Amino acid sequence: MILQILFIFLFVILASFILYFIYGIFMPAIKLQTIENQDPLFSQVELNYIGNTDEKNVEVSDKIAFVLCNPERSFKKERLAYNGIQSCALFNSIYDTPNDCTFGCIGFGDCVKACPQEAILIKNGTAVITQNCCGCGECITACPKNIIKLVEKKEIGSEIKLCAAKEDCLTTCDKCNSMSKIEIPEQKYFKFWKSCYKILTQH
């Protein structure tokens, strides 16, 4: 009988110690560690700055952006195969061009990232402005090739030289110095599909 009482007493003490360790030491330590792990790599000022980038004021004009490079272009051969960081500015500073045309679109989408209207698509390695464009000109600054221009909306449908290359430029591009109409495609459901793309690429 005494042994049973002693066993129960020791069991209660042991159980009490375990519960105290779990709720009095272990759980608070985890909570403290979680809080410490949440310390940001950036200061609150930097986080606030990053968070407010979407609130940038966009100037709307009566013009529309246009890329002086034909999205239907093709080359007989590529100059190099590049699998590095997808940045037009970085690539242009190191390699200049992925093909034998030094004037054409690089196609990594710096202008796409800069556009507040999400009005730019990449088609066949070439930036294409859509009807969502508000003419703010942010893409012009982002393009290291300086081949994005603003045109009057009334000029849509008119024929221009859809190429920024010089007349004596030696290139295998089949659309070099060719004339074409200014066409601004409609961007149907682009934001929806872009959201789907972001969700799929996060995993």
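The values are calculated or read from the model by the stated rules, or taken from the named source; none is laboratory data. For clarity, every value in this text was computed on a predicted model and none was experimentally measured. Positions of Cβ are backbone-derived with ideal geometry, glycine not excepted, and every protein chain shown enters the neighbour counts.
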Selection status of ILE122, in contact (Cβ under 8 Å) with a residue 12 or more places away in the chain and touching a strand residue (DSSP E or B) at 6+ places or on another chain (Cβ under 6 Å): no
Residue in the range 162-173 that is touching a helix residue (DSSP H, G or I) at 6+ places or on another chain (Cβ under 9 Å) and modelled with pLDDT of 85 or more present: no
Unique match (being under 11 Å from CYS69 (Cα atoms), touching a residue at least 24 places away in the same chain (Cβ under 8 Å) and under 27 Å from the mean Cα position of the chain (by Cα)) among ALA165, ALA127, ALA142: ALA127
Candidate set: the range 73-117, residues that are of a type in the set (D, E, K, R) and modelled with pLDDT of 90 or more; chosen: the one surrounded by the fewest Cβ atoms within 10 Å (Cβ to Cβ): LYS113
Hits in the range 54-86 (condition: among the polar types (S, T, N, Q) and over 23 Å from ASN132 (Cβ atoms)): SER74, ASN83
Helices (runs of 4 or more DSSP H) (entirely within the range 62-147) containing at least 3 residues that are more than 25 Å from ASP168 (Cα to Cα): 110-114, 138-142
